[in-house]
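Novice: Have a look at this one before I ask anything.
The values are calculated or read from the model by the stated rules, or taken from the named source; none is laboratory data. Fair warning: this is a prediction, and the values are worked out from it, not measured in the lab. Methodologically, a virtual Cβ is constructed for each residue, glycine included, from the backbone with ideal geometry; neighbour enumeration extends over all protein chains shown. Remember, those area values only see protein heavy atoms, side chains included, never the ligands or the DNA or RNA. Shrake-Rupley method; radii C 1.70, N 1.55, O 1.52, S 1.80 Å.
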Amino acid sequence: MKFYERLKGLREFDILCGLDKVYQKIERRQKAWKKSVGSLCPDGCGNCCIPFEPHVYDCEAMYMAMYLIACEPAAAKAIRDGTYPMQREDNEKGCFLFDPQNEYHCTVYGGRALICRMFGYCGDRGKDGSVRWKPCRHLSDDFLSAHEPPLEHKEYDAKELLSIIKALPPSMNDFMEEVLSLDPGKAAETRPLREALPEALRRLQFLLAYAKVSPSDDGDDDNTPPNSPPEPISA
């Protein structure tokens with residue numbers, strides 16, 4: 001049972017169901033790309049989260065909010081009420097859900113935003129529509145040169161990728177177009193996560209209460225998405 005199943009019968013359920021399918025597609029296509037390019041995300045890194053706060057579409061915030069309501073209700077309430085215990089000292093500079101003390105870092109991994117899922121293992125499309133890709137800027141030159149195949153901090157075009165890696169990465173542009181189609185008109189604008197998430201939590205909790213559906217886990221459902229870390233962090 002999906003963690004957003006409690007919204008079934010509402011328009012929000014259809015949006016989250018569509019977004020979940022996009023997220024699953026990202027995972028499948030990245031898995032195929034990883035087989036060719038190899039591992040490019042060192043265990044316990046998290047450097048991409050430190051200076052960066054995701055700007056999210058409404059549907060992304062709603063997905064994350066419903067994940068929290070179902071899987072981390074205490075954290076959901078704290079974020080909604082503005083009492084969430086921040087785990088980092090520089091919360092104004094990056095994602096407020098980042099925990100530097102935990103090896104998985106992300107405190108909402110199963111419900112994480114679109115860009116967090118795509119970063120590192122997706123390329124994009126240039127003006128001519130062809131796929132291009134470059135390694136994460138946080139990787140050291142030594143790490144890239146020792147990688148198999150050896151890589152550099154540069155943008156690789158489709159021809160180079162097919163020559164060196166024998167494959168092309170999935171494109172961010174394609175996934176973003178799919179996400180935008182889920183809620184036409186409203187979905188085109190993004191907001192900082194710290195603004196969008198509390199609002200999405202309040203909205204969903206109102207809908208759940210109005211629909212007389214309990215937002216708490218009854219213990220029988222598997223609310224944890226398949227790509228959650230082995231030890232999810234509780235607030």
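Novice: Which entries in the list 34/93; 8/93; 34/77 go over 32 Å, if you measure between the two C-alpha atoms of each?
Specialist: 8/93; 34/77
Novice: Could you work out the longest stretch of the chain that avoids the trypsin sites (Lys or Arg not before Pro) located in DSSP loops with at most 12 other Cβ atoms within 10 Å?
Specialist: 1-126
Novice: Relative to the present Cα-Cα distance, how much length would full extension add between residue 206 and residue 52 at 0.36 nm per residue of separation?
Specialist: Taking 0.36 nm per residue and subtracting the Cα distance, the gain is 52.4 nm.
Novice: Could you work out the Rg to Rh ratio of segment 63-124, with Rh taken as the Kirkwood radius (inverse of the mean 1/r over all Cα pairs)?
Specialist: With Rg and the Kirkwood Rh in hand, the quotient comes to 0.99.
Novice: Remind me, relative contact order of the chain in percent, using alpha carbon pairs under 8 angstrom and six or more residues apart?
Specialist: Value for the chain: 34 percent.
Novice: With a 10 Å cut-off between alpha carbons and a GNM built on the chain, which of 124, 58, 141 moves the most?
Specialist: Top of the fluctuation ranking is 141.
Novice: Return the lysines within reach of residue 127: Cα separation strictly under 16 angstrom, same-chain partners fewer than 8 residues apart disregarded; answer none if there are no such residues.
Specialist: 159
Novice: List, largest first, the extents of the alpha carbons of segment 91-204 along their principal axes, each in whole Å.
Specialist: Cα spread of segment 91-204 along its principal axes, largest to smallest: 50, 39, 22 Å.
Novice: While we're on this one: Scanning the chain for GluC sites (Glu not before Pro) in DSSP loops with at most 14 other Cβ atoms within 10 Å, what's the longest stretch left with none?
Specialist: 1-88
Novice: Calculated from DSSP H runs of 4 or more alone, at -39500 (n - 2.57) each and per residue, what is the 222 nm mean residue ellipticity of the chain, nearest 500?
Specialist: -12500 deg cm²/dmol
Novice: Okay, next question. In square nanometres, what is one fourth of the surface area of the convex hull spanned by the alpha carbons of the chain?
Specialist: That works out to 13.5 nm², a quarter of the Cα hull's surface.
Novice: Calculate, for the chain, the solvent-accessible area per residue in square angstrom, rolling a 1.4 angstrom probe over the heavy atoms of the protein chains.
Specialist: Using a 1.4 Å probe on heavy atoms only, each residue of the chain averages 54 Å².
Novice: Roll a 1.4 angstrom probe over the protein heavy atoms and tell me the percent of accessible area of the chain that is carbon or sulfur.
Specialist: 51
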